[in-house]
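I have placed the structure first, in the form of structure tokens, so that the comments after it can refer back to it.
Just so it is clear, none of the values below were taken in a lab; they were calculated from the coordinates. Since we're looking at a predicted model, the values are computed, not measured. Every residue, glycine as well, gets a Cβ built from its backbone with ideal geometry; the counts of neighbours run over all protein chains shown.
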Amino acid sequence: MMMDLRKFVANRIFKIAVCWALALAAMGPVSSSQIAAKTESVDTFKRNCAVCHAADGSGTTLGNRVHVPDLRSKEVHEKTSAALAQIISTGKNAMPPFGTKMDSEEVQRLVEYIRQFHGDGADHQK
Ligand code: HEC
């Protein structure tokens, strides 16, 4: 049986269009720079923080040995963003300071990233 090429191509284009529409809808109204910033924070977190805090904020075996708090917990999310940014910048006990490695904007983005680790459904401050 011969394939109707025009039908095939139209079908293909339709499927791609649907995929794009779904992807855009899933992303919501965010600008491309926001997406870039978010992707960057994921990378920054994975590179600098996940060794102790784990990619999902729960804490690795190494992290637990140095008493990392669960970044998904209510206790963490009850803290203000300024307080969390402060700890990231200046460090605390076994938490190393990152203030010399990244600027305050980058630290702020990490705080926003951590705000997404709310597996417990707790109330979160801004
Ligand atoms: C060497 C392991 C280690 C690394 C790497 C690390 N942390 Fe931590 N982090 C800790 C420990 C330990 C604490 C708990 C400090 C304390 O209160 O005694 C902590 C605490 C924190 C807190 C405060 C939570 C609270 O409620 O007080 C935040 C926020 C945080 N880390 C974010 C980060 C981010 C972001 C990075 C990467 C840029 C990072 N950490 C890298 C070990 C680490």
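Fully extended, how many nm does the chain gain between residue 10 and residue 33 (0.36 nm per residue separation, minus their Cα-Cα distance)?
Gain on extension, residue 10 to residue 33, equals 5.0 nm.
Place a point 7 Å from the Cα of residue 51 along the Cα-to-Cβ direction; which residues of segment 58-100 have their backbone N under 16 Å from it?
Only 59-68, 91-92, 94-100 pass the distance filter.
Quick one: Cα convex hull volume of segment 31-114, Å³ per residue?
Dividing the Cα hull volume of segment 31-114 by its residue count gives 91 Å³.
In whole Hz, with x marking every Gly and Pro, tabulate ³J(HN,Hα) for segment 85-102 from phi via Karplus 6.51 cos²θ - 1.76 cosθ + 1.60, θ = phi - 60°.
3J(HN,Hα) across segment 85-102, in whole Hz: 4, 4, 5, 5, 6, 9, x, 6, 6, 7, 7, x, x, 10, x, 8, 8, 9.
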